[in-house]
Amino acid sequence: MAPIIAPSLLAADFANLQTEVELINRSEADWFHLDIMDGQFVPNISFGVPVCKAIARHAQKPLDIHLMIETPELYLKVFQECGAYLISVHYEACDHLHKVVNQIKDLGCKAGVALNPHTPVHLLEDLISEVDLVCLMSVNPGFGGQKFIDRTYQKVQKLKEMINLSGSTTLIEIDGGVNHNNALQLLNAGADVLVAGSLVFKAEDPLKVISDLKKVPA
Ligand code: DX5
Ligand code: ZN
């Protein structure tokens, strides 16, 4: 199956956001990946609810909202109201992750859990069958354009085994440093969704970049 491609608008031209959103609308991409940063959970601040709402007004594809924030449970409802299809919270930001995952689902959204590079996948063993997507961070969250961490391949493999054992249909998303050199190996290891920020938006021909990623055989 062709991978799900989720361009991250973090690398887009914020002064021309509508144009950037329309570019993704007419591309072969599947989702919009929106990176929300609070300056606490990660050492950077990106954008928040008003910008998400503005994006949602023009986006014609599902919104995949990645919350890199402390106490994400306080903000689930507002992001659902922004039109989120999927909301991911960080394992490292939730004391009561099982509860938060169910709160996301009760709002009618798909529930994702993101893991920082240092967090082992086995920590999700008792929750995996209830999670719609696991986002494996392949860079330390906070910034686009960073170098891919090679250890991610092994994490994808382990996670895939865990998902298969549990009999669930949880998707594996890779976020950070995705490029044409690592996409194939990631998909072979079991990844389903590739997030790409700078690769897409800094390219001369973003439509071709997306189309090429879509064609990587899984
Ligand atoms: C990093 C973000 C990523 C980032 C990916 O904290 O979660 O989604 O935008 O950007 P690239 O593809 O440039 O590494
Ligand atoms: Zn992200």
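The values are calculated or read from the model by the stated rules, or taken from the named source; none is laboratory data. Just so it is clear, the structure is predicted and the values come from calculations on it, not from any experiment. Please note: Cβ atoms are built from the backbone with ideal geometry, for glycine as well, and neighbour counts cover all protein chains shown. Heavy atoms of the whole protein, side chains included, go into the accessibility calculation; ligands, DNA and RNA do not. Shrake-Rupley method; radii C 1.70, N 1.55, O 1.52, S 1.80 Å.
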Exercise for review: Kindly check whether there is at least one residue in the range 52-59 that is farther than 29 Å from P117 by Cα, open to solvent by 30 Å² or more (accessible area, probe 1.4 Å), of a type in the set (D, E, K, R) and part of a helix (DSSP H, G or I).
Suggested key: yes
Practice item. Would you mind stating whether A29 is more than 12 Å from ligand 2 (Cβ to nearest atom), within 23 Å of Q80 (Cβ to Cβ) and not acidic (D, E)? Key: yes
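Checking the condition more than 16 Å from ligand 2 (Cβ to nearest atom), farther than 18 Å from H66 by Cα and under 18 Å from the mean Cα position of the chain (by Cα), which residue from K208, K160, K147, K215 passes?
Only one candidate qualifies: K160.
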Exercise for review: From L186, L194, grab the single residue that is farther than 26 Å from H98 by Cβ, in a strand (DSSP E or B), modelled with pLDDT of 95 or more and open to solvent by less than 70 Å² (accessible area, probe 1.4 Å).
Suggested key: L194
Practice item. Run down S168, S211, S129 and say which single residue is farther than 19 Å from L34 by Cα, open to solvent by less than 50 Å² (accessible area, probe 1.4 Å), in contact (Cβ under 8 Å) with a residue 12 or more places away in the chain and not in a loop (DSSP other than H, G, I, E, B). Key: S211
**Study point:** For H180: the one exception among (1) part of a helix (DSSP H, G or I); (2) surrounded by fewer than 17 Cβ atoms within 10 Å (Cβ to Cβ)
**Key:** (1)
Point to revise | Candidates L63, L136, L124, filtered to the one that is touching a Lys or Arg at 6+ places or on another chain (Cβ under 9 Å) and either within 16 Å of ligand 1 (Cβ to nearest atom) or open to solvent by less than 70 Å² (accessible area, probe 1.4 Å) (or both) | key: L136
